[in-house]
Amino acid sequence: MIKVGVVGIGKIGEDHLNRLQNRVSGVEVVAVCDIVPNKAKEALKRLNLEHIKDYADYKDLVKDSEVELVVCTANNEAHAEIALEALNNGKYVFVEKPLSMTAEECQAIMEAEQKNGKRMVQVGFMRRYDPGYQQLKKYIVEGEIGAPLMMHCRHFNTYLSQPKDYESERAIVETFIHEIEIVHWLLDEEYKNVKVYFPKRADITKEYSKGLQDPQVIVIETESGVNVVTEVFVNAYGYDIHCDIVGELGMAQLPAVPSVTLSKAAKRSTDILTDWKERFIAAYDVEFQDIADRLNSGRELNGPCSWDGYVAAVTADASIKSQKTGETEEIKLMEKPEFYKNFK
Ligand code: NAP
């Protein structure tokens, strides 16, 4: 039984707390912490989990000798310090995406992890656990569509679902970051450069999110020359995720979420989801079950590692630079440490 401490009991923190305690087997949440007084207490009450220890300072949670795995669901800005504290105390750490806000902080996390001599970090890029993305990966690996040549992704969020201060950079660091990671995993090759285009701006953002250019079109070129075009639209008609891969022999497309076809009033229609939690609910469950099963049986973690978090951070930085310069920006990685070379 793996003993877990959850730091940051906000929207996804409470969700993961519930998931770990009620849906994942082989884990027990023994401690929680949120910087906002009473926030964790209220969540524990809602979930009927008031027996769990509630710390005011995450450092005390990390030092708790019962805690073996720290789940970091605090704000992006706090990820690096929490992950480093966990690693420096010899604890496994699951960090929600993004691993951290800067490439330098990701490097510091990788160094701290390597000092432990084994894989200690998993980043919360849960799409790798979605059956649709897994099938895309299988078709690429088995050569079903031949060598990939170009990709088209769409990451649409529901109209007005993001806060008013959601700016163009956050659309990269919090939204597009999922495509950066999943495409890197699907194609299994490094990126060369990125260019961000600002098409005609949606009227809503001029009033509601003044600092947000919405939509954005982002083009990444990989080392072998695959072109990946992603449309990011934060104020769209619903939560809609697409991924098409065109190869030499065929095309593979991410399946749409199943929905009953309703025929009524001389029209046929299907539902589109509005909430990311519903779209990837099964993937989050499988992600944590995999972590629990591996740690309980002494096997190495196998999901997105800190190197993947670093690649995503460098690519996000180059994308943000391109937003500002309007130019194609190079994606320059450090040399991959030997420690990470065998992780897929
Ligand atoms: P949220 O609702 O704002 O919750 C975060 C909580 O952590 C807040 O209560 C925050 O307090 C607290 N916190 C900040 N620093 C802390 C610290 N040092 N110690 C303890 N608590 C701290 O945010 P959220 O939407 O749940 O997102 C949390 C993280 O999950 C983000 O990194 C986000 O990118 C990620 N996320 C991932 C997915 C996914 O699909 N994988 C989906 C949603 C979110 P304050 O409000 O005072 O800062």
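Where a number appears in this text, it was derived from the coordinates with a stated rule and is not lab data. It should be emphasised that the depicted structure is a prediction, and the values quoted were computed from it without experimental measurement. Glycine gets a Cβ as well: all are built from the backbone with ideal geometry, and neighbour counts include every protein chain shown.
In Å, what Kirkwood hydrodynamic radius results for the stretch 89-137 from the alpha-carbon pair distances?
Values: mean 1/r = 0.0815 Å⁻¹.
It is 12.3 Å.
Can you give me the relative contact order of the chain as a percent, contacts being Cα pairs under 8 Å and 6 or more apart? All intermediate terms of the calculation are to be shown ahead of the outcome.
Details: 673 pairs, mean separation 66.9, N = 344.
About 19 percent, as a whole number.
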³J(HN,Hα) across the stretch 166-178 via Karplus (A = 6.51, B = -1.76, C = 1.60, θ = phi - 60°), whole Hz, x for Gly/Pro? 6, 9, 3, 5, 5, 5, 7, 5, 10, 9, 4, 3, 5
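Treating only the Cβ of Lys, Arg, Asp and Glu as charged (+1, +1, -1, -1), what charge dipole size does the chain show about its Cα centre? Round to the nearest 20 debye. Show your work: numbers first, answer last.
Values: 42 positive and 56 negative charges, 164 e Å.
The dipole magnitude comes to about 780 debye.
Which of the trypsin sites (Lys or Arg not before Pro) across the stretch 2-58 are loop residues per DSSP, with 14 or fewer other Cβ within 10 Å?
On the way: sites: Lys3, Lys11, Arg19, Arg23, Lys39, Lys41, Lys45, Arg46, Lys53; in loops: Arg23.
Passing both the DSSP loop test and the Cβ count: Arg23.
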Contact order normalised by length for the stretch 291-344, with contacts defined as Cα pairs under 8 Å and 6 or more residues apart; what percent is it? 36 percent
Which residues' amide hydrogens lie under 5 Å from the amide hydrogen of Tyr197, considering only partners 5 or more residues apart or on another chain, with H built in the peptide plane? Val217, Ile218, Val219
Mind checking Rg over Rh on the chain, alpha carbons, Kirkwood formula for Rh? 0.97
Positive-pole candidate from Cys153, Val196, Asn116, dipole of the chain, charges at beta carbon: Cys153
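Would you mind finding the longest exposed-site-free stretch of the chain, with exposed GluC sites (Glu not before Pro) meaning DSSP loop and at most 12 other Cβ atoms within 10 Å?
Numbers: sites that count: Glu50, Glu66, Glu142, Glu223, Glu248, Glu300, Glu327, Glu335.
It works out to 143-222.
Given contacts defined as C-alpha pairs under 8 Å and at least six residues apart, what's the relative contact order of the stretch 170-224, whole-number percent? Please list the in-between numbers first.
Working: 51 pairs, mean separation 21.1, N = 55.
With pairs under 8 Å counted, the relative contact order is 38 percent.
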Return one number: the angle in degrees, 0 to 90 and rounded to the nearest 10, between the long axis of the Cα atoms of helix 306-325 and the longest principal axis of the Cα atoms of the chain. 50 degrees
Check which residues have an amide H placed less than 5 Å from Val27's amide H, if you skip close sequence neighbours. Ile2
Counting other Cβ atoms within 10 Å, keep those with at most 15, restrict to DSSP loop, and tell me which trypsin sites (Lys or Arg not before Pro) in the stretch 87-184 are left. Lys118, Lys164
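Treat the count of other C-beta atoms within 10 Å as a stand-in for reagent exposure and order Ser25, Ser168, Ser65, Ser161 from fewest to most.
On the way: Ser25 10, Ser168 20, Ser65 7, Ser161 15.
Going from sparsest to densest Cβ surroundings: Ser65, Ser25, Ser161, Ser168.
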In whole Å, what is the distance between the alpha-carbon centres of the stretch 134-174 and the stretch 23-67? 33 Å
Of all DSSP beta bridges in the chain, what percent run antiparallel (nearest 5)? 50 percent
Quick check on the stretch 280-337: what does the Kirkwood estimate of hydrodynamic radius come out to from the alpha carbon pairs, in Å? 14.0 Å
Kindly put Ile2, Ile204 in sequence by how many other C-beta atoms sit within 10 Å of each C-beta, fewest to most. Ile204, Ile2
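What is the antiparallel percent of DSSP beta bridges lying wholly in the stretch 133-280, to the nearest 5?
Numbers: 26 of 34 bridges.
Approximately 75 percent, going by the DSSP bridge assignments.
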Would you mind pulling out the separation of the Cα centroids of the stretch 226-263 and the stretch 309-344, in Å? 24 Å
Whole-percent tail of the Cα-Cα distance distribution for the stretch 91-196, cut at 22 Å, equals 46 percent
With unit charges on the beta carbon (Lys/Arg positive, Asp/Glu negative), name the residue among Ile291, Asn342, Val257 whose Cα is farthest towards the positive pole of the charge dipole of the stretch 257-344. Val257
